[in-house]
1. So which pairs qualify, if the first residue must be in region 400-417 and in a helix (DSSP H, G or I), the second must be surrounded by fewer than 24 Cβ atoms within 10 Å (Cβ to Cβ) and among the basic types (Lys, Arg), the Cβ gap must be under 9 Å, and the two must be at least 6 apart or on different chains?
2. Note down all Cβ pairs under 7 Å where the first residue falls in region 318-345 and is on the phi < 0 side of the Ramachandran plot, the second is of a type in the set (S, T, N, Q) and surrounded by fewer than 14 Cβ atoms within 10 Å (Cβ to Cβ), and they're at least six residues apart or on different chains.
3. Tell me, which residue of region 90-136 that is under 17 Å from residue 211 (Cβ atoms) and either of a type in the set (Gly, Ala, Ser) or in contact with an Asp or Glu (Cβ under 6 Å, 6 or more places away or on another chain) (or both) is modelled with the lowest pLDDT?
4. Give the number of residues within region 292-310 that are out of contact with any Pro (no Cβ under 7 Å at 6 or more places or on another chain), within 20 Å of residue 203 (Cβ to Cβ) and of a type in the set (Phe, Trp, Tyr).
5. Condition check: in a helix (DSSP H, G or I), within 21 Å of the chain's Cα centre (by Cα) and within 23 Å of residue 318 (Cα to Cα). Does residue 184 satisfy that?
6. Picking from 266, 280, 322, which residue would you name as being in a helix (DSSP H, G or I) and open to solvent by 60 Å² or more (accessible area, probe 1.4 Å)?
7. Only one of (1) at pLDDT below 85; (2) in a helix (DSSP H, G or I); (3) of a type outside the set (D, E, K, R); (4) surrounded by fewer than 22 Cβ atoms within 10 Å (Cβ to Cβ) is not met by residue 330, so which one is it?
8. Quick one: in region 164-176, which of the residues that are open to solvent by less than 20 Å² (accessible area, probe 1.4 Å) and small (Gly, Ala, Ser) is modelled with the highest pLDDT?
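The values are calculated or read from the model by the stated rules, or taken from the named source; none is laboratory data. None of these values were measured; they are calculated from a predicted model. Neighbour counts are summed over all protein chains in view; Cβ atoms, including those assigned to glycine, are modelled from backbone coordinates with ideal geometry. The area values use the complete protein model at the heavy-atom level, side chains included, leaving out ligands, DNA and RNA. Shrake-Rupley method; radii C 1.70, N 1.55, O 1.52, S 1.80 Å.
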Amino acid sequence: MVFSTAEQRRRRSEGASDLFGHPRGLTFLFATEMWERFSYYGMRALLVLYMVRLLLLPGHVENVIGLSALKYLLESIFGPLGVQPFASQVYGLYTGLVYLTPVFGGMLADRVLGQHRTILLGAAMMALGHFMMAFEPLFLIALTMLILGNGAFKPNMSAQVGGLYAPGDQRRDRAYSIFYVGINLGAFLAPLVCGTLGEELGWHYGFTAAGIGMTIALAIYLYAMPELPPDELHKGMAAGIDKKPLDRNERRGILALIALFLPTTLFWATYEQQGNTIVLWADDHTNRTINLLFWHGEIPVTWFQAFNPFLIFAFTPLVIALWTWQAKRGSEPSTVTKMSIGCVGVTLANLIMAGAAWQAAGDEASWLWLLAYFVVITIGELYLSPIGLSLVSKVAPARMVSMLMGLWLATSFTGNFIAGWLGSFWSGMDKATFFMMIAGVALVAGAVILAFDRPLRNVVGNQVSMS
């Protein structure tokens, strides 16, 4: 008997499970993504500090291939840049381009290589790029390898999670929440391992640890390939649907996603201050002393980057339980409303930091202000980021799922680019005013998303029901 692709996927997803009642492939995708995110966030935790404390200082900056040309280009656009504003611009370019290239990585997978080979190519490039970070002259070349490798890797990993489930399978949203925990487990461990190695033993030890993490991710994925869903490219070619025009529901679903791109971009522009200006606040304006009955010391700057992913573990079950309870009462917010709530969370988090700056009045603020910031911004993140990934996997036509996942991730490109530009105001701006500005941008994003709620609710609902 020959089963349809959807029926084969249903039987595979129900046949063998070893992680909370989900297909075995989710376990391996979880582990692969965890180690890849370990490498990404481990390097990111060090990047701004590495540039400000060492790489961009005299005696080092002259050795970096291509850096003078990049600075000339940026200064021709933004004017003269000191060490901190230049580091912020480089950080914004890197974290932004990391989320632009997935558009092309998705197209490469959908049209040429398929998801599996594109992921393997991207993982190998990122491992090499992390190891190259250990050599000062290769700094920009290493960043380029990481940017291109991430573009090949990221959209196809996210798309494959949805590929484990048949259309209409109610476990898909929960699967993306589990997958998101994997992302944040890696992000939690990264600052503790790579950050500590970089700050205590030397920057290059931290970058090498990130490279080892990416190599582990590559090995896990190679081992897991028999458990993963077949490439959408090959399924589409076999069925002949890759040559059919989009139908009306597919076009409406794509338009629904595009309508959310701009406000989602503004969300990421404010959220991504965590790895930039929040690091500088922790370094220069925070009393990091902690005095417990059994231990007294100072919290390393990079450890603050572990707060957010740790809180993801703590809050994800609570948020899912809340949504389940609301669904039973018929009061669960719509997808778009959840995303708007996520933006409000970022607004409130930055208002907390404005309060910290006002209370400190130029002195150091308690580290507890940062803890409160991370608690609130984490709740906001849970209402937007995994919901967006699940939405794309439901709405996108199968033949375009990797490309549209890449386009969705590209909102972080423009968001991170804007984040770098916003961060360049840090040095010359009153800190309370700066945080108020970031809060205002997030609030505008939430208002725009909420304005789209009613017109998009039917479009999204109809498209999901057609899955």
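1. Sorted first by the residue in region 400-417, then by its partner, the pairs are 403/111.
2. As it stands, the answer is 332/326, since those pairs meet every condition given.
3. My answer is 134.
4. 1
5. Yes: the conditions hold for residue 184.
6. None of the others qualify; the one that does is 322.
7. Every condition holds for residue 330 apart from (2).
8. 175
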